[in-house]
Amino acid sequence: MSSMFRSFIAAVLTVPVVFLSACKDEQAQAQANPPENEVAARVSVLTVQPRKVVVFDELPGRVSAFRTAEIRPQVSGIIQKRLFNEGAEVERNEPLFQLDAAPFSADVEASSAILARMEAELLNAQIKFDRAKVLSSQKILSAESFNNATAALAQAKANVAEARANLTRRKLELSYASIRSPIAGLIGQALMSEGGLASSSATTPLAVVQQIDRVYVDIRQSSMTREALEDLVSAGESDDAAKLPVQIFTVAGKLYDEPGQVLFSDMSVDAGTGSVGIRVEVPNPNRQLLPGMYIRAKVPRSIHPDALTVPQEAVLRDPSGRPQLIIVGADKTASRRNVQVGSLVDGQYMIVDGLLAGETVVVLGHDRIQGGVKLETVPYRPVAAVNRS
């Protein structure tokens, strides 16, 4: 009896010891082999390197022709013929209108006759002067008579010069009867037809020719912005701002194929708006930009030679709205960091403070990151690059 009781007591005491030993073994195994669902979080990352960034202002502008010529008559006359097609290309010095040339031809003939008479009078005055000179040397002619002959000769020479100038003027007026284009370009609507009186004093031109194979775009930029950019240039921290291309967008938002070039800025600031005028020259070989058209231009505002940028998707916001980045450490763990962001340029935020060159940030996959979980990183590929591949 006592032997059986002792065996029972020993068995009962052994069970808890075995149970505790089994629990310890399971805990040790669990620590050695974590659960299969705790896998590394797969995220897209980018290692940040400094690069040159140009920040642009998008400003409204208006197109004007490179050159504009109002076709006006230099003499008055009746229009006999229009020599161009409206809306066509015309060349420099190409005839556009023909005035009735008969009155001008008659004036040329009359002036030629006057010149011939003046030349005859000059010949007569020269003969008289030569005779008076001989007689005066022989003391036969009085000094007064010789002086009169000298004056008559000078007067005759002046009359000839005047007649020649008048003839030249009449020939010039005859040439003006053919009204020509001073520049090459597109000619618009004819504002006067055949039979109309073209007056040299009229306020309305006969037509307008515009050269638009290249055009001007006139815009206005903040004087403070312009001053900051010029300071960068003068400090040697950037290239000449005028050499930077200006992107042109149509009203529909389409990027124009040809970039523009800044020509100059106004020398004065508008007192009302605090802005300064800027003129941009834009190639226009296909005549897509027309005078008077409104466009939008991306004009350089500032240049940052060693900017740190991250894709827009990489920037998170905390509950108070402060920007944050998730930084990947050397041990493949993630940590949040407050940063200061600058301008957004082409989908990239400039990081002004809080980030160092060479650090790695998470761009995509933020929702997969949980505390303490290791990261499986893959290089970030922009959407455009993915589509091309």
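The values are calculated or read from the model by the stated rules, or taken from the named source; none is laboratory data. Predicted model only: the values in this text are computed from it and were never measured. Note that each Cβ is placed from the backbone with ideal geometry, even for glycine, and that neighbours are counted across all protein chains shown.
If you go through the stretch 58-83 one residue at a time, how many are buried (at least 16 other Cβ atoms within 10 Å of the Cβ) and at pLDDT below 95? Of the residues in the stretch 58-83, 2 are buried (at least 16 other Cβ atoms within 10 Å of the Cβ) and at pLDDT below 95. Looking across the stretch 277-303 at every residue that is of a type in the set (A, V, I, L, M, F, W, C) and under 17 Å from Val345 (Cα atoms), the one that is surrounded by the fewest Cβ atoms within 10 Å (Cβ to Cβ) is identified as Ile303.
For the stretch 330-350, the set of residues classified as under 21 Å from Asp57 (Cβ atoms) and surrounded by 14 or more Cβ atoms within 10 Å (Cβ to Cβ) consists of Val341, Gly342, Ser343, Val345, Gln348, Tyr349, Met350, listed by residue number.
Where strands (runs of 3 or more DSSP E) fall wholly inside the stretch 46-134, the ranges with 3 or more residues that are within 30 Å of Asp306 (Cα to Cα) are 51-71. Within the stretch 125-138, does at least one residue satisfy the condition of being over 29 Å from Gly77 (Cα atoms), among the aliphatic types (A, V, I, L, M), surrounded by 18 or more Cβ atoms within 10 Å (Cβ to Cβ) and not assigned by TED's automatic domain parsing to the domain that holds Ile79? Checked the stretch 125-138: at least one residue is over 29 Å from Gly77 (Cα atoms), among the aliphatic types (A, V, I, L, M), surrounded by 18 or more Cβ atoms within 10 Å (Cβ to Cβ) and not assigned by TED's automatic domain parsing to the domain that holds Ile79.
When the test is whether a residue is touching a Ser or Thr at 6+ places or on another chain (Cβ under 7 Å) and part of a loop (DSSP other than H, G, I, E, B), Gly371 does not pass it. The conditions of being under 30 Å from Ala40 (Cβ atoms), in contact with a Gly (Cβ under 9 Å, 6 or more places away or on another chain) and outside any loop (DSSP other than H, G, I, E, B) are not met by Arg296.
Conditions (1) over 23 Å from Gly61 (Cα atoms); (2) surrounded by 15 or more Cβ atoms within 10 Å (Cβ to Cβ); (3) modelled with pLDDT of 90 or more; (4) among the hydroxyl-bearing types (Ser, Thr, Tyr), marked per residue:
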| site | (1), (2), (3), (4) |
| --- | --- |
| Leu191 | yes, no, yes, no |
| Tyr216 | no, yes, yes, yes |
| Ser222 | no, yes, no, yes |
| Thr225 | no, yes, no, yes |
| Lys243 | no, no, no, no |
| Leu255 | no, no, yes, no |
| Pro259 | no, yes, yes, no |
| Val262 | no, yes, no, no |
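Taken residue by residue, the stretch 232-239 has no member that is within 15 Å of the chain's Cα centre (by Cα) and either at pLDDT below 80 or closer than 23 Å to Ser64 by Cβ (or both). Quick check: anything in the stretch 335-354 more than 17 Å from Val48 (Cβ to Cβ), over 39 Å from the mean Cα position of the chain (by Cα) and assigned by TED's automatic domain parsing to the domain that holds Val48? Checking the stretch 335-354: not a single residue is more than 17 Å from Val48 (Cβ to Cβ), over 39 Å from the mean Cα position of the chain (by Cα) and assigned by TED's automatic domain parsing to the domain that holds Val48.
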